[in-house]
Amino acid sequence: MPQVLSYADAVRLLGGRDSKVVDALEALTSGAVLSAAVPLPAELVRLGHQVVRGLAERRSGLSRYGRTQRLEAAHAVIVVTAYFEALAESEPPIAFAKLELTKQEQLAVAGGGAALPRLIFEPGPRLPGPHDPHDRLLSTLHGYYAEVSGALARFLGGLAVWEGLPESDRAAFRRTLDALPPAAVARYEELFRQLGADFPEVAFWSGLREHSATRDELRGLGVALTGLGRVLDGISTGRVPDARRAALARANEAALDRPVVEAGDVPPGLRVPALGEAYVTPLYRVATAGGRTSDEAWWSDVEVRDDLQEFLAGFLTSPRAVEAPLLVLGQPGSGKSVLTKVLAARLPAADFLPVRVALRDVPVSADLQDQIEYAIRAGTGERVEWPALARSAGDALPVVMLDGFDELLQATGVSQSDYLARVAAFQRREAEQGRPVVVVVTSRTSVADRARAPEGTVAVRLEPFDEPRIEAWLEVWNRANATHLAARGLTPLTLAAVLPHRQLAGQPLLLLMLALYDADGNALRRLPAADGLGQHELYERLLHSFARREVAKHRPGLSEPDTARAVEEELRRLSLVAFAMFNRNTQWVTEADLAADLAAVMGEAPPAASDLRAPLGRAEIVLGRFFFVHRARAIRDGARLGTYEFLHATFGEFLVARMTFQALRDLAARDAAATLSFGTAPVDDDLLHALLSFSVLSVRTPVVGFLRGLLSQLDGAGRAALGALLVRLLRTVHHARPPRRLAGYQPRVLPVPGRYAAYSANLLLLAVHAAGPLRASEFVDGEPVSGWKRQAMLWRSQLLWDEWQSLVDVLTLERIWDGDARDVVVGADDGTFQTPPIDLHWTYDIPPGDPRRGRIEMMASRDTEYLRRRTHLLCRTSDDAVVHSLEPIEATLPNASRTMADLPGEPLRSVAHVLLEVFLLRVHDRTPEERKQLVARYADIVRRTGWTGFLLDLVDEMEGVGHAGADPADR
């Protein structure tokens, strides 16, 4: 539990060695002030102003954290001072001089037995935090002041002299106490502003950021956090750093002069701006970390803020910073790592000791202290033990930045659920040893819940760029490349050119990708208008452009046909990377797994070593050329482990769709050629089966969208031929066949039924998107409805829950009659599908014209006991809920759910259904005529079934409800 200063502790901390201040405090806490009949409010106000004024006079010579501690104490003092200042100014004043205490009462106060002294001198509300809304702080204070007023009222009422006061005085006291909380809150705000005027960081602690004199400097775009650096320099009280701190500072500052990506990743002649000029302060959201920190929907309810520099100034100078870590979250490419680099460079060395630890480059098995020491050596070349470095910091506050918690998870595959708790324990130990330390941890948002956040952890989520930030970044890019663009007759990249591709432009590294693409003859401007360019076309052009550039760089001199083949080979490998992630249900893949996939599908063995150095892995060769593929690294047992992921998930999703489409198109071409030459032949779908038998395409919504766009490129005949091929595959998908050529492709272990389920689901998804709605009779064996039910139950039993749910979401189903036979039509939902009411005629296979229509009878099905047994055996939540809901009806009216009433002109209904309809008339908003018809229909069914008794009593009651003049209360 974070510590909160009591008033008494705060006064002692601020009073220091001032014996007069300490004596005054002892007098207050011992009850001597009351026994001496000194006005308590006035004395508390005087003492509060004295100690806070003393802090302002003695601000020099304090360390960074020492200053923070005393400001926390000053805040505790003004919280109490504000209340008693409001009390002293109240009308009529509460004159404690009138309250002569008995000897017993004086002893009770001196011994802490009275409620009032305990409440005053024990901890009050916690210090405001830069992530807390100001209104919440004021509301908390109001509640605290109301509690103090209540305690004061009880204290006064318990005094013997209270009963002797005139009733008018007592009534005045009570009215004053009731009015005190809002007045105290108003006075607190005044005192808080005064404290903020003397100590600017105090203003950053609260939500009243507009009170800061440096607000304009810290708000908005803020290139490379320069405003933060200037503000912290302005309040610096530390001394010049020693040699080791200076060396770390130089290492951190050097990062600002390096380009945001390596020069080898860009075409010759282009200049990638340095980090110090290109970093644009992002928007962000901030909240207390909890169990839903990885949930995008949860974050959507949190306010977007544009004052990241102010927040950082407030957090780093607040007491909370040394109690629990700050968690910085974002998508790949959102700028988490870059933020730590810039922050480390901007923190003044006189007041802060920043140590940036790239977790990908330190031993995973080492404890936190060893990892920090490892990073210090990497940055400065010196071996330094952390305790020695922390002690040598002097006035400076250490700030450790642990960059890449998600990379730790990805690269090692080891659970790190207690990682943040270990960080907080490290901070607690350091504070106990007199070495307080701030810790910042970065991670991808989607894995934030892999580690339990200790109490007090604050989470910041970086947001995509808005238009002003995109424009600011483009200005830097255009300025850096003005000469290059002019020499080639190119126009600068404009906001209007990138906004149609907002999904990419919102992420800094992906915005760079658009800029690099446009630098090739203003290619982005030459794209069709946004409304005429499908997203699949944009991704195709972008990826094709980068692959072609890499081929030209690494394999110069190829002919145009050979270049085209080489480009396609690069994209094919990238697509296998995407499938490696997709088929493992992850957003990343390890080097070892990817190498195995490449060997199984493309027959590519790892390259041999050419010298004494270890050879580069195939995955490293394939992906090292593309900066939009992020490589996470970690060190375990001396070996470097690596994983890969796309900087934006939709790159992988497009590549999955692209390779699926190409495999389908190639398969259709081979099938057409084989049919022309030899007649109908078995379809060789080995590649398609290997790729699509591990995960269902619909589980990633963008994949289906990309496939829809790619399929739209085919003409009607091409789509029809593709649909016919897919139907043939569907009809034979469960038939036995010899082992496949690509049996070695095993991204994850699945039972045979599971692979059949995934493959058949994907074939159906592709078929309905290629050829439109299909009848079950076209692709299942035997009776269509039974065949469809078997297929759907296979999916439900074998697929992961989100895969099954995705099929439910994207497929449509229509129950139809084909003459006297039932069938189902399956299609793709375009967003307009509405599930129709259940037609029990279809369910019970009673076709139009069947003599069973128009009767009431028991339908052939198992009894309720069987239904309960089956549900109990299956353990399915939805079945349990339905049976549970029916049990009261079936217990009173056995078989009510199986007895069907078929009235002329009405859909077939069960007696249970009609009973519930009538019973719920009380809550349904129906017209009197509708009510009358419903009750009459119910009465007819009840009489025809022979079930009377209380059922007809219900009819009598509901007939009353059906009258227009019935009392609304009866309804």
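Of the residues Glu471, Glu463, only one is over 24 Å from Gln369 (Cα atoms) and within 23 Å of the chain's Cα centre (by Cα); which?
Glu463 is the lone residue from the list that is over 24 Å from Gln369 (Cα atoms) and within 23 Å of the chain's Cα centre (by Cα).
Within region 272-289, which residues are among the small types (Gly, Ala, Ser), surrounded by fewer than 18 Cβ atoms within 10 Å (Cβ to Cβ) and part of a helix (DSSP H, G or I)?
Result: no residue meets the conditions.
Any idea which of Arg469, Arg549, Arg572 is surrounded by 16 or more Cβ atoms within 10 Å (Cβ to Cβ), within 23 Å of Ala278 (Cβ to Cβ), modelled with pLDDT of 90 or more and charged (D, E, K, R)?
Step by step, each of Arg469, Arg549, Arg572 is checked, and only Arg469 is surrounded by 16 or more Cβ atoms within 10 Å (Cβ to Cβ), within 23 Å of Ala278 (Cβ to Cβ), modelled with pLDDT of 90 or more and charged (D, E, K, R).
For region 496-564, list the helices (runs of 4 or more DSSP H) that sit wholly inside it and hold at least 3 residues that are free of Cβ contacts under 8 Å to residues at least 60 places away in the same chain; which are they?
Numbers: elements: 502-505, 508-518, 535-554.
By residue number, 508-518, 535-554.
Which one is surrounded by the most Cβ atoms within 10 Å (Cβ to Cβ), of the residues in region 862-910 that are more than 24 Å from Pro851 (Cβ to Cβ) and among the hydroxyl-bearing types (Ser, Thr, Tyr)?
My answer is Thr864.
Would you tally the residues in region 807-842 being polar (S, T, N, Q) and either surrounded by 15 or more Cβ atoms within 10 Å (Cβ to Cβ) or part of a strand (DSSP E or B) (or both)? Can you show your working first?
So the first thing to find is which residues in region 807-842 are polar (S, T, N, Q), and the list is 812, 832, 834-835.
Going one step further and asking which of them are either surrounded by 15 or more Cβ atoms within 10 Å (Cβ to Cβ) or part of a strand (DSSP E or B) (or both), we end up with 812.
Going through region 807-842 one residue at a time, the tally reaches 1.
Can you tell me which condition Arg292 does not meet? The list is (1) part of a loop (DSSP other than H, G, I, E, B); (2) of a type in the set (D, E, K, R); (3) more than 26 Å from Asp418 (Cα to Cα), and all the others hold.
Here Arg292 meets the rest and fails (3).
Please indicate, with yes or no, whether at least one residue in region 790-806 is among the hydroxyl-bearing types (Ser, Thr, Tyr), under 23 Å from Arg700 (Cβ atoms), surrounded by 15 or more Cβ atoms within 10 Å (Cβ to Cβ) and touching a residue at least 40 places away in the same chain (Cβ under 8 Å).
Yes, region 790-806 contains at least one residue that is among the hydroxyl-bearing types (Ser, Thr, Tyr), under 23 Å from Arg700 (Cβ atoms), surrounded by 15 or more Cβ atoms within 10 Å (Cβ to Cβ) and touching a residue at least 40 places away in the same chain (Cβ under 8 Å).
Please verify whether Phe405 is in contact (Cβ under 8 Å) with a residue 60 or more places away in the chain, under 22 Å from Leu327 (Cβ atoms) and among the aromatic types (Phe, Trp, Tyr), treating the condition exactly as stated.
no
Please work out which residue is surrounded by the most Cβ atoms within 10 Å (Cβ to Cβ), limiting yourself to region 622-678 and to residues that are among the aliphatic types (A, V, I, L, M), at pLDDT below 90 and closer than 18 Å to Pro702 by Cα.
Once the filter is applied, the top-ranked residue is Leu647.
Report yes if His884 is under 24 Å from Asp845 (Cβ atoms) and either hydroxyl-bearing (Ser, Thr, Tyr) or in a helix (DSSP H, G or I) (or both), otherwise no.
Judged against the criteria, His884 is not a match.
Would you check which residues across region 47-101 are of a type in the set (Ser, Thr, Tyr) and modelled with pLDDT of 70 or more and list them? Step through it out loud before you land on a result.
First, the residues of region 47-101 that are of a type in the set (Ser, Thr, Tyr): 60, 63, 65, 68, 81, 83, 90.
Result: Ser63, Tyr65, Thr68, Thr81, Tyr83, Ser90.
Report every pair of residues separated by at least 6 positions or lying on different chains whose Cβ atoms are under 7 Å apart, first residue within region 467-482 and over 15 Å from Thr281 (Cα atoms), second buried (at least 21 other Cβ atoms within 10 Å of the Cβ) and not small (Gly, Ala, Ser).
Pairs that qualify, where the first residue is over 15 Å from Thr281 (Cα atoms) and the partner is buried (at least 21 other Cβ atoms within 10 Å of the Cβ) and not small (Gly, Ala, Ser), are Trp477/Leu493; Asn478/Leu493.
Would you pick out the residues in region 779-789 that are assigned to a helix (DSSP H, G or I) and surrounded by fewer than 19 Cβ atoms within 10 Å (Cβ to Cβ)? Walk me through it before giving the result.
So the first thing to find is which residues in region 779-789 are assigned to a helix (DSSP H, G or I), and the list is 779, 784-789.
The answer is Ser786, Gly787, Lys789.
Please state which one of Ala451, Ala459 is in the same structural domain as Ala274 (by TED's automatic domain parsing), within 19 Å of Arg305 (Cα to Cα) and either exposed (fewer than 14 other Cβ atoms within 10 Å of the Cβ) or small (Gly, Ala, Ser) (or both).
Answer to the selection: Ala459.
At pLDDT below 90, crowded, with 16+ Cβ neighbours inside 10 Å and either not basic (Lys, Arg) or not assigned by TED's automatic domain parsing to the domain that holds Ala717 (or both): does that describe Ile846?
yes
Going through Arg526, Arg479, Arg488 one at a time, which residue ends up being outside the structural domain of Leu283 (by TED's automatic domain parsing), closer than 16 Å to Glu540 by Cα and more than 30 Å from the chain's Cα centre (by Cα)?
Just a single option satisfies the conditions, and that option is Arg526.
Conditions (1) hydrophobic (A, V, I, L, M, F, W, C); (2) closer than 30 Å to Val231 by Cα; (3) without any contact (Cβ under 8 Å) to a residue 60 or more places away in the chain; (4) out of contact with any helix residue (DSSP H, G or I) (no Cβ under 9 Å at 6 or more places or on another chain), marked per residue:
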{"site": "Ala344", "(1), (2), (3), (4)": "yes, yes, no, no"}
{"site": "Gly379", "(1), (2), (3), (4)": "no, yes, no, no"}
{"site": "Glu382", "(1), (2), (3), (4)": "no, no, no, no"}
{"site": "Val440", "(1), (2), (3), (4)": "yes, yes, no, no"}
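Residues are listed down the side, and each one gets a yes or a no for (1) outside any loop (DSSP other than H, G, I, E, B); (2) assigned by TED's automatic domain parsing to the domain that holds Ala76; (3) exposed (fewer than 14 other Cβ atoms within 10 Å of the Cβ); (4) modelled with pLDDT of 80 or more:
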| residue | (1), (2), (3), (4) |
| --- | --- |
| Ala108 | yes, yes, no, no |
| Leu127 | no, yes, no, no |
| Asp132 | no, yes, no, no |
| Leu141 | yes, yes, no, yes |
| Ala146 | yes, yes, no, yes |
| Phe155 | yes, yes, no, no |
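The values are calculated or read from the model by the stated rules, or taken from the named source; none is laboratory data. Keep in mind the model is a prediction, meaning the values are calculated, not measured. Positions of Cβ are generated from backbone atoms using ideal geometry, with glycine treated the same way; all protein chains shown enter the neighbour counts.
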